[in-house]
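Starting off with a structure, shown below.
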């Protein structure tokens, strides 16, 4: 069910994204070369190979009650993917990530033109802002009723607000001494930045458009929070122990970037005084020896095992929430398979 659903709808989303950018590109090309570059960078980044998790969940949410997906819902799903691209564009320069999906990030594409890093970051801010503008243009251009358009925008803005609070936590934790980082703050960050924004928001948005009642929307939201938190914990595992050929990032990339992830905080919490000293000293270093030493501590303290236990437990809880839900059985099965897929993927 999972593969069939994705193979059906991912190409549809990609085609609609391509159409949107073909229609959009004429205007910026009137305004000097830098704006031509910008629309090229935005388009190529948004269309770069990805899982399209969020727009697919909009569609799945709609199909919990309906049999067919109208163009208006496909347009909303497309807007949700552009919303994702907007957030990634800003997130990448905040984290100084040079690659995403195996390709240069937007700010890096600007830097590759030969401009200063500060200017590259600044141009990436504007590129992200333009993507955010496109999100609302896409929503307002649908043939939904004015009330439905307003409802979609309200839900998107609620999600943007929560994601912003999550991003503040994320950024603040990177400067906080490890001894002061609390595990519950890390899990709160995962709920806000991944649980809500990645799963709950698109899934409940589609279900709301289909006319699902509040009790159903609440269960789907809770499903999303649990599955999304498991998703992020699995991302932490991939971010340290993932295959570089599949992730597009070097081994131990989260360690190199000094991220305060569940794995790092749990290893620090469980570790000996010497383990903690090593983590504090080596976290954020680029050299292979330092990265490998921290990886060893993550494993020896049981932090990796605990992460795997927690992601499995959260996924089981998420799946259990769906059992009594009165929605289409094929969509229920898709969501169950999807939740399991999130913690079995390799990138």
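Applying the selection to the stretch 294-330, what residues are over 22 Å from residue 187 (Cα atoms) and touching a helix residue (DSSP H, G or I) at 6+ places or on another chain (Cβ under 6 Å)?
Passing the criteria: 322, 325.
Okay, next question. State all residues of the stretch 295-318 that are buried (at least 19 other Cβ atoms within 10 Å of the Cβ) and in contact (Cβ under 8 Å) with a residue 60 or more places away in the chain; if no residue qualifies, say none.
Matches in the stretch 295-318: 304, 307, 311, 314, 315, 318.
Count, please, the residues in the stretch 77-121 that happen to be at positive phi and within 15 Å of the chain's Cα centre (by Cα).
Residues that pass the stated criteria total 1.
Restricting the stretch 251-274 to residues that are more than 19 Å from the chain's Cα centre (by Cα) and without any contact (Cβ under 8 Å) to a residue 24 or more places away in the chain, which is surrounded by the fewest Cβ atoms within 10 Å (Cβ to Cβ)?
Top of the filtered list is 273.
Which of the residues spanning the stretch 18-37 are in contact with a helix residue (DSSP H, G or I) (Cβ under 6 Å, 6 or more places away or on another chain) and either within 30 Å of residue 339 (Cα to Cα) or surrounded by 16 or more Cβ atoms within 10 Å (Cβ to Cβ) (or both)?
Across the stretch 18-37, the qualifying residues are 21, 28, 35.
So how many residues does the stretch 315-346 have that are assigned to a loop (DSSP other than H, G, I, E, B) and either touching a strand residue (DSSP E or B) at 6+ places or on another chain (Cβ under 9 Å) or over 22 Å from residue 238 (Cα atoms) (or both)?
Residues that pass the stated criteria total 6.
Also, I was wondering about something else. Does the stretch 166-180 hold any residues that are more than 11 Å from residue 260 (Cα to Cα) and within 15 Å of the chain's Cα centre (by Cα), and which are they?
166, 167
Moving to a separate point now. Name the helices (runs of 4 or more DSSP H) wholly within the stretch 96-190 that hold at least 2 residues that are surrounded by fewer than 16 Cβ atoms within 10 Å (Cβ to Cβ) and out of contact with any strand residue (DSSP E or B) (no Cβ under 9 Å at 6 or more places or on another chain)?
Here the list reads 117-140, 146-175, 183-190.
Still on this structure: Do we find a residue being closer than 20 Å to residue 180 by Cβ and assigned by TED's automatic domain parsing to the domain that holds residue 186 anywhere in the stretch 239-251?
No, the conditions are met nowhere in the stretch 239-251.
Looking only at the stretch 293-314, how many residues end up being within 27 Å of the chain's Cα centre (by Cα) and more than 23 Å from residue 228 (Cα to Cα)?
The number of residues fulfilling the criteria is 3.
Continuing with this model, one more query. Would you confirm, using the coordinates I've provided, whether residue 292 is in contact (Cβ under 8 Å) with a residue 12 or more places away in the chain, surrounded by fewer than 18 Cβ atoms within 10 Å (Cβ to Cβ) and at negative phi?
So residue 292 fits the description; yes.
Could I ask something else about it? What is the number of the single condition among (1) more than 28 Å from residue 92 (Cβ to Cβ); (2) buried (at least 18 other Cβ atoms within 10 Å of the Cβ); (3) more than 24 Å from the chain's Cα centre (by Cα) that residue 329 does not meet?
(2)
Moving on to the next point. Say whether the condition of being touching a helix residue (DSSP H, G or I) at 6+ places or on another chain (Cβ under 9 Å), part of a helix (DSSP H, G or I), at pLDDT below 95 and not assigned by TED's automatic domain parsing to the domain that holds residue 210 is met by at least one residue in the stretch 58-65.
no
The values are calculated or read from the model by the stated rules, or taken from the named source; none is laboratory data. All of these numbers come straight from a predicted model, not from anything done at the bench. All Cβ positions, even for glycine, are placed from backbone atoms using ideal geometry, and neighbour counts span all protein chains on display.
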